[in-house]
Amino acid sequence: MTESNRIALVTGGSRGLGREIGRVLAKRGYSLVIGGRDRDALDRAVSDLSKDAPVVLPVAGDITDAQVRLRLIDAARQLGGLDVLVNNASELGPIGPLKSFDVPRLGRLFPVNVGAPLFLIQLALPLLSARTGLIVNITSDAATAAYPGWGPYGATKAALELLTRTLATELHDQGVSAVLVDPGDLRTRMHQEAFPGEDISDRPLPAVTVPFWAWLFDQNPDDVRGQRFAAQHEDARWMQRA
Ligand SMILES: NC(=O)c1ccc[n+]([C@@H]2O[C@H](COP(=O)([O-])OP(=O)(O)OC[C@H]3O[C@@H](n4cnc5c(N)ncnc54)[C@H](OP(=O)(O)O)[C@@H]3O)[C@@H](O)[C@H]2O)c1
């Protein structure tokens, strides 16, 4: 199915999972706004995604910068609106035991992984509301399981999960839906950072999640409101497309 004049914003769309989500949306005819700090990586993603997407607008900069967030939303407005907002950009932060965690570093992790998605949602709401839009917040199994060494990152994802569930109920009247997606272990830069020096070649590439995304973007946003999905879970709803 191809939609016309559909627009999606994917933070962290320059590589890894975000770029793969961008590919799925591009193949469905969406125009895209993609974000990330590394301009070269963004340019490479624009070349790749432009093979299918009608338009791809890159916005370079740190997601914690208010001006960058405004530019992301302005780019969507320039394209005509917003159907899908994917809050994918995230940082892992330091891995290690909480007893020796440098607590002030929470002052970086929470703004990136929780504050920026919420700011973006607030800015995007008028556009999303006009199109019965969908918010997709990317979470992790670290939000629900107590993995030694991953406490701060997991805490940010747990906070994002509660915000998302709350938003899903609060935004009902505005016709905007919000969902959580745990992509599962993926062979990306972030995953390599989580296992420094280890061979992660047994982890699948982000493309393993494509059947899930193809299924999700076929759904009426209202039907999935408030749900949490595990993209690599063998679920008949999307595995039959694999
Ligand atoms: N990989 C896994 O195994 C796994 C498992 C569970 C959940 N996840 C989640 O999946 C999502 C994507 O992760 P990934 O593995 O694809 O990571 P990745 O390959 O490291 O990609 C992260 C993306 O986010 C951007 N980004 C990071 N920090 C940013 C910032 N402060 N401002 C703007 N852009 C920023 C990066 O670009 P720049 O660095 O150029 O800014 C890049 O485009 C994350 O939410 C992660 O928590 C991943």
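The values are calculated or read from the model by the stated rules, or taken from the named source; none is laboratory data. All of these numbers come straight from a predicted model, not from anything done at the bench. Cβ coordinates were reconstructed from backbone atoms using ideal geometry, including for glycine residues, and neighbour counts include every protein chain displayed.
Condition first: farther than 22 Å from Leu180 by Cβ and either away from the ligand (no atom under 14 Å from the Cβ) or under 16 Å from the mean Cα position of the chain (by Cα) (or both). Now tell me which residues in the range 33-55 satisfy that. Write out each step before concluding.
As a first pass, look at the range 33-55 and keep what is farther than 22 Å from Leu180 by Cβ: 37-55.
Within the range 33-55, Arg37, Leu42, Ala45, Ser47, Ser50, Lys51, Asp52, Ala53, Pro54, Val55 meet the criteria.
What are the pairs with Cβ atoms under 9 angstrom where one residue, in the range 8-27, is at positive phi and the other, located anywhere, is of a type in the set (A, V, I, L, M, F, W, C)? Sequence gap at least six, or different chains.
Note: pairs meeting the criteria are Gly12/Ile34; Gly12/Ile63; Gly12/Val86; Gly12/Ala89; Gly12/Ile138; Gly16/Leu186; Gly16/Met190.
Per-residue answers, yes or no, for (1) under 16 Å from the mean Cα position of the chain (by Cα); (2) buried (at least 17 other Cβ atoms within 10 Å of the Cβ); (3) under 22 Å from Ile7 (Cα atoms):
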| residue | (1), (2), (3) |
| --- | --- |
| Trp150 | no, yes, no |
| Arg189 | yes, no, no |
| Pro196 | no, no, no |
| Ala230 | yes, no, no |
| His233 | no, no, no |
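Test Ser177 against the criterion of being hydroxyl-bearing (Ser, Thr, Tyr) and surrounded by 15 or more Cβ atoms within 10 Å (Cβ to Cβ), and give yes or no. So that I can check it myself, show each step before the final result.
Working: hydroxyl-bearing (Ser, Thr, Tyr): yes; surrounded by 15 or more Cβ atoms within 10 Å (Cβ to Cβ): yes.
Yes: the conditions hold for Ser177.
So is Gly81 assigned to a loop (DSSP other than H, G, I, E, B), surrounded by fewer than 22 Cβ atoms within 10 Å (Cβ to Cβ), at pLDDT 95 or above and small (Gly, Ala, Ser) or not?
On the way: assigned to a loop (DSSP other than H, G, I, E, B): yes; surrounded by fewer than 22 Cβ atoms within 10 Å (Cβ to Cβ): yes; at pLDDT 95 or above: yes; small (Gly, Ala, Ser): yes.
Judged against the criteria, Gly81 is a match.
From the list Ser90, Ser129, which residue is crowded, with 18+ Cβ neighbours inside 10 Å, among the hydroxyl-bearing types (Ser, Thr, Tyr) and at pLDDT 95 or above? Spell out the reasoning first.
Working: Ser129 fails: crowded, with 18+ Cβ neighbours inside 10 Å.
Just one listed residue meets the conditions, Ser90.
Taking Tyr30 and the conditions (1) surrounded by fewer than 24 Cβ atoms within 10 Å (Cβ to Cβ); (2) farther than 30 Å from Gly154 by Cα, which numbered condition does it fall short on, given that it satisfies the others?
For Tyr30, the exception is condition (1).
Among Thr132, Thr156, which is the only one that is more than 13 Å from Leu180 (Cβ to Cβ), of a type outside the set (A, V, I, L, M, F, W, C) and outside any loop (DSSP other than H, G, I, E, B)?
Values: Thr132 fails: outside any loop (DSSP other than H, G, I, E, B).
Result: Thr156 is the single residue among Thr132, Thr156 that is more than 13 Å from Leu180 (Cβ to Cβ), of a type outside the set (A, V, I, L, M, F, W, C) and outside any loop (DSSP other than H, G, I, E, B).
Considering every residue within the range 132-142, establish whether at least one is away from the ligand (no atom under 11 Å from the Cβ), touching a residue at least 60 places away in the same chain (Cβ under 8 Å), surrounded by 24 or more Cβ atoms within 10 Å (Cβ to Cβ) and closer than 22 Å to Arg71 by Cα. Break it down into steps so the answer makes sense when it comes.
Applying the first criterion (away from the ligand (no atom under 11 Å from the Cβ)) to the range 132-142 yields 132-135.
With the extra rule that they be touching a residue at least 60 places away in the same chain (Cβ under 8 Å), the set shrinks to 132-134.
This time we only want the ones that are surrounded by 24 or more Cβ atoms within 10 Å (Cβ to Cβ), so: 133-134.
The next check asks that each one be closer than 22 Å to Arg71 by Cα; those that pass are 133-134.
Within the range 132-142 (the criterion being away from the ligand (no atom under 11 Å from the Cβ), touching a residue at least 60 places away in the same chain (Cβ under 8 Å), surrounded by 24 or more Cβ atoms within 10 Å (Cβ to Cβ) and closer than 22 Å to Arg71 by Cα), the answer is yes, since at least one residue qualifies.
Could you tell me which residue of the range 153-201 is farthest from Leu127 (Cα to Cα), considering only residues that are acidic (Asp, Glu) and near the ligand (Cβ under 9 Å from one of its atoms)?
Looking only at the range 153-201, we keep the residues that are acidic (Asp, Glu), and these are 161, 170, 173, 182, 185, 193, 198-199.
Narrowing the set further to residues that are near the ligand (Cβ under 9 Å from one of its atoms) leaves 182, 185, 193.
Working: Asp182: 25, Asp185: 32, Glu193: 35 Å.
Going through the qualifying residues, I end up with Glu193.
Going residue by residue through the range 40-50, is there one that turns out to be in contact with an Asp or Glu (Cβ under 8 Å, 6 or more places away or on another chain) and at pLDDT 95 or above? Reasoning before the result, please.
Residues of the range 40-50 that are in contact with an Asp or Glu (Cβ under 8 Å, 6 or more places away or on another chain), as a first pass: none.
Among the residues of the range 40-50, not one is in contact with an Asp or Glu (Cβ under 8 Å, 6 or more places away or on another chain) and at pLDDT 95 or above, which makes the answer no.
Restricting attention to the range 39-64, report how many residues are assigned to a loop (DSSP other than H, G, I, E, B), of a type outside the set (Lys, Arg) and under 16 Å from Gly29 (Cβ atoms).
Taking the range 39-64 first, the residues assigned to a loop (DSSP other than H, G, I, E, B) are 50-55, 61-64.
Those left that are additionally of a type outside the set (Lys, Arg): 50, 52-55, 61-64.
Pick out the ones that are also under 16 Å from Gly29 (Cβ atoms) and you get 50, 52-55.
Counting residues in the range 39-64 that are assigned to a loop (DSSP other than H, G, I, E, B), of a type outside the set (Lys, Arg) and under 16 Å from Gly29 (Cβ atoms) gives 5.
What residue, among those in the range 160-212 that are outside any helix (DSSP H, G or I) and of a type in the set (D, E, K, R), is farthest from Gln232 (Cα to Cα)?
So the first thing to find is which residues in the range 160-212 are outside any helix (DSSP H, G or I), and the list is 171, 175-188, 195-205.
From the residues that got through so far, the ones that are of a type in the set (D, E, K, R) too are 182, 185, 187, 198-199, 202-203.
Numbers: Asp182: 8, Asp185: 9, Arg187: 13, Glu198: 22, Asp199: 21, Asp202: 15, Arg203: 12 Å.
Restricting to residues being outside any helix (DSSP H, G or I) and of a type in the set (D, E, K, R), the top hit is Glu198.
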